[in-house]
Amino acid sequence: MQRETPKRPETPEMDASSPGAAYGWYALGVLMLVYALNFIDRQMLTILAADIKRDLHITDAQFGFLYGTAFGVFYAVFGIPLGKLADRWPRTRLLAVGLATWSTMTAASGLAGNFTQIGLARIGVGVGEATAGPCGYSLLSDYFPARRRATAIAIFSAGIYLGGGVALSIGTGLAQAWDHAFVAGTRPLGLAGWQAAFLGLGLPGLVMAMWVRTLREPARGRFEGAPIVTGMSTREAWGAFVRDIGAIAPPFTVIAAARRGWGALRTNLLFLALAMLAATGMTALVSDPAQWFVLGTGFYAVASWSQSLRHDDPDAYERIWRNPALVLLIVGYGLTCAVAYAASAFGPLYAMETFHAPAAQVALIVGGGGAAGGALGVVAGGWLGDWLSRGLYHSRRVAVVIGALVLAMVPNAVLMGTHSLTVFYAAVFPLWFLLSAALGSSAGTVVNIVPPRLRGTATASFFLGATMLGLSLGPYAAGRISQATHSLWTGLVAILVAVPFALIALALAWRHLARNER
């Protein structure tokens, strides 16, 4: 367990990052650009879906696996040890390393020649991008006080939607320009337009990583009383990271459990047996073994980490996994993400296939509308949560999440029910405005209901729901149902079954927080 020791009072240099001062807002701007690049690299896959499916001979279900599970499981699993590393090691350094990693793997996606190769590249992108959320949330919590954190994190999160929207236009533009300049047979290295787009978008991230490295590292917990330091050297922090990897990455998980005794080993092997049994059963039922064995491995890894955390850091375990409000919020927001990620993965393709809209037009209108709605919505949701909570009543932030999800079903119904391309385009902005408002207040709740030393770990746990429940299941389920029914509309509508369960979990989280506040 890390040691917390008092730190000297803030220096004038650290004061530069105080709320309202120029440096804090400058750092927020840089971090938002990083998050935008994070989602450019992630989202560009969707607008290039038709070309990738054709050239690599993959199905809708396989595409859902690439967009969701291959990326999401490793993003979630590595987010846990990387989140803990963010609580022990300078966050600006860690974020720079992660940015360089995911940018390199994005470029590697452009060299893929088959489903397996692009799948491995997507896994690498997921591992690198797992640093962005924990580092960003934790840094912003020390650049801004509690009363402004949800707003700051919401502005940071706006990078998700700006990056996602820009990705569609950039991806389409680069791919079309390459294909126009080089006809088949004369392309350098034999690269298709979509491959050139990945290469062109991955390399600039290496430059951005050097910029991130120049950011100042604020004192942890500087607004919660005496600032703290981890008391760990670089060697100790990375040594703990390696141990955390051993606690979550099979087969090292079995060895780590055995070291804790026979009871821990027996429980761990039970988790493994249940995960593999479930994966085998789902494969026999619906096929797609890659989806189910990767997902099963992910759930086993999370269970192993939880078991390890309970043994190694019982205080962290109690404050995260034994906190009903936080667990229910993670589940509720994760199920909300199943709907959002399915729409994000297949929305552009749906517009092109259903309305025969040109890719460039879809990129501009769907990408631009989604980016504008998402960026404004996440900031509005964070600001509204801050304003209602007054820094004390966190249940009111959860009420914002519930209201946003309910209202989002109205434009979603319009989007899926219309036969007019114009109406479809018009519904994009309000849908993403409301779905993203849920993120603004959810994230603000997470960082305010755990102690400063656990914010990186709690953020990683929050992203577990968004990825394991949302990203890993939403796009795949929509794609698999689409493939089975030969109707992408059916796949996108069927995923809405997650909404009632999300609302139940969020309502219970609200009740727990409200009861504690009373």
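The values are calculated or read from the model by the stated rules, or taken from the named source; none is laboratory data. Computed from a predicted model, the values in this text were never measured in an experiment. Every residue, glycine as well, gets a Cβ built from its backbone with ideal geometry; the counts of neighbours run over all protein chains shown.
Among the residues of the stretch 284-319, those identified as of a type outside the set (Gly, Ala, Ser), surrounded by fewer than 18 Cβ atoms within 10 Å (Cβ to Cβ) and over 23 Å from PRO251 (Cα atoms) are LEU285, VAL286, PRO314, ASP315, GLU318.
Residues to consider are ASP60, ASP87; find the one that is out of contact with any strand residue (DSSP E or B) (no Cβ under 7 Å at 6 or more places or on another chain), surrounded by 24 or more Cβ atoms within 10 Å (Cβ to Cβ) and more than 18 Å from LEU471 (Cβ to Cβ).
Details: ASP60 fails: more than 18 Å from LEU471 (Cβ to Cβ).
Sole residue among the options that is out of contact with any strand residue (DSSP E or B) (no Cβ under 7 Å at 6 or more places or on another chain), surrounded by 24 or more Cβ atoms within 10 Å (Cβ to Cβ) and more than 18 Å from LEU471 (Cβ to Cβ): ASP87.
Close contacts from the stretch 48-74, counting a first residue that is more than 20 Å from GLY124 (Cβ to Cβ) and touching a residue at least 60 places away in the same chain (Cβ under 8 Å) and a second that is part of a helix (DSSP H, G or I) and polar (S, T, N, Q), with Cβ to Cβ under 6 Å and a gap of 6+ residues or different chains, come to THR59/GLN483; ASP60/SER482; ASP60/GLN483; ALA61/GLN483.
Can you report the number of residues in the stretch 18-47 which are free of Cβ contacts under 8 Å to residues at least 12 places away in the same chain and either more than 30 Å from SER141 (Cα to Cα) or assigned to a helix (DSSP H, G or I) (or both)? Write out each step before concluding.
Filtering the stretch 18-47 for residues free of Cβ contacts under 8 Å to residues at least 12 places away in the same chain gives 18, 20-22, 25-26, 29.
Narrowing the set further to residues that are either more than 30 Å from SER141 (Cα to Cα) or assigned to a helix (DSSP H, G or I) (or both) leaves 22, 25-26, 29.
Within the stretch 18-47, residues that are free of Cβ contacts under 8 Å to residues at least 12 places away in the same chain and either more than 30 Å from SER141 (Cα to Cα) or assigned to a helix (DSSP H, G or I) (or both) number 4.
Being over 21 Å from the mean Cα position of the chain (by Cα), at pLDDT 90 or above and more than 30 Å from LEU33 (Cβ to Cβ) is the requirement here; does LEU421 meet it? Yes; evaluated as a whole, the condition is true for this residue. The requirement of being under 18 Å from the mean Cα position of the chain (by Cα) and either at pLDDT below 80 or surrounded by 20 or more Cβ atoms within 10 Å (Cβ to Cβ) (or both) is fulfilled somewhere in the stretch 143-150, by at least one residue.
The residues on offer are ALA196, ALA209, ALA150, and the sole one that is touching a residue at least 60 places away in the same chain (Cβ under 8 Å), within 29 Å of ARG453 (Cβ to Cβ), touching a Gly at 6+ places or on another chain (Cβ under 7 Å) and assigned to a helix (DSSP H, G or I) is ALA150.
Which count do you get for residues in the stretch 110-142 that are small (Gly, Ala, Ser) and more than 16 Å from the chain's Cα centre (by Cα)? If you could, list the steps in order and put the result at the bottom.
Filtering the stretch 110-142 down to residues small (Gly, Ala, Ser) leaves 110, 112-113, 119, 121, 124, 126, 128, 130, 132-133, 136, 138, 141.
Add one more test, that the residue is more than 16 Å from the chain's Cα centre (by Cα), and what stays is 110, 112-113, 119, 121, 141.
Selection size over the stretch 110-142: 6.
Filtering the stretch 369-386 to residues that are surrounded by 20 or more Cβ atoms within 10 Å (Cβ to Cβ) and aliphatic (A, V, I, L, M) leaves ALA371, ALA375, VAL378, VAL379, ALA380, LEU384. Every test in (1) crowded, with 17+ Cβ neighbours inside 10 Å; (2) out of contact with any Gly (no Cβ under 6 Å at 6 or more places or on another chain); (3) over 30 Å from ALA477 (Cβ atoms); (4) of a type in the set (A, V, I, L, M, F, W, C) is passed by ALA258 save one, and that test is (1).
Condition check ((1) within 30 Å of LYS53 (Cα to Cα); (2) surrounded by 21 or more Cβ atoms within 10 Å (Cβ to Cβ); (3) touching a Gly at 6+ places or on another chain (Cβ under 6 Å); (4) of a type outside the set (A, V, I, L, M)) across all residues:
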| position | (1), (2), (3), (4) |
| --- | --- |
| ALA351 | yes, yes, no, no |
| GLY367 | yes, yes, yes, yes |
| LEU388 | no, no, no, no |
| ARG396 | no, yes, no, yes |
| LEU415 | yes, yes, no, no |
| THR457 | no, yes, yes, yes |
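Note on the stretch 381-394: residues that are farther than 18 Å from THR336 by Cα, out of contact with any Lys or Arg (no Cβ under 6 Å at 6 or more places or on another chain) and not acidic (Asp, Glu) amount to 7.
Look at the stretch 443-453 and say how many of its residues are out of contact with any Ser or Thr (no Cβ under 9 Å at 6 or more places or on another chain) and part of a helix (DSSP H, G or I). Let's see the steps before the verdict.
At the first step, the residues of the stretch 443-453 found to be out of contact with any Ser or Thr (no Cβ under 9 Å at 6 or more places or on another chain) are 449, 451.
From the residues that got through so far, the ones that are part of a helix (DSSP H, G or I) too are none.
Adding up the residues that qualify gives 0.
The single condition from (1) over 20 Å from ALA154 (Cα atoms); (2) of a type in the set (A, V, I, L, M); (3) at pLDDT 95 or above that LEU431 fails is (1).
Examine the stretch 19-41 for a residue that is touching a Pro at 6+ places or on another chain (Cβ under 8 Å) and at pLDDT below 85, and state whether such a residue exists. Break it down stepwise before answering.
Step one: filter the stretch 19-41 for residues touching a Pro at 6+ places or on another chain (Cβ under 8 Å), giving 19, 37.
Filter again for at pLDDT below 85, leaving 19.
There is at least one residue in the stretch 19-41 that is touching a Pro at 6+ places or on another chain (Cβ under 8 Å) and at pLDDT below 85.
Applying the set (1) closer than 30 Å to LEU364 by Cβ; (2) touching a Ser or Thr at 6+ places or on another chain (Cβ under 9 Å); (3) among the charged types (D, E, K, R) to ARG88 leaves exactly one unmet item: (1).
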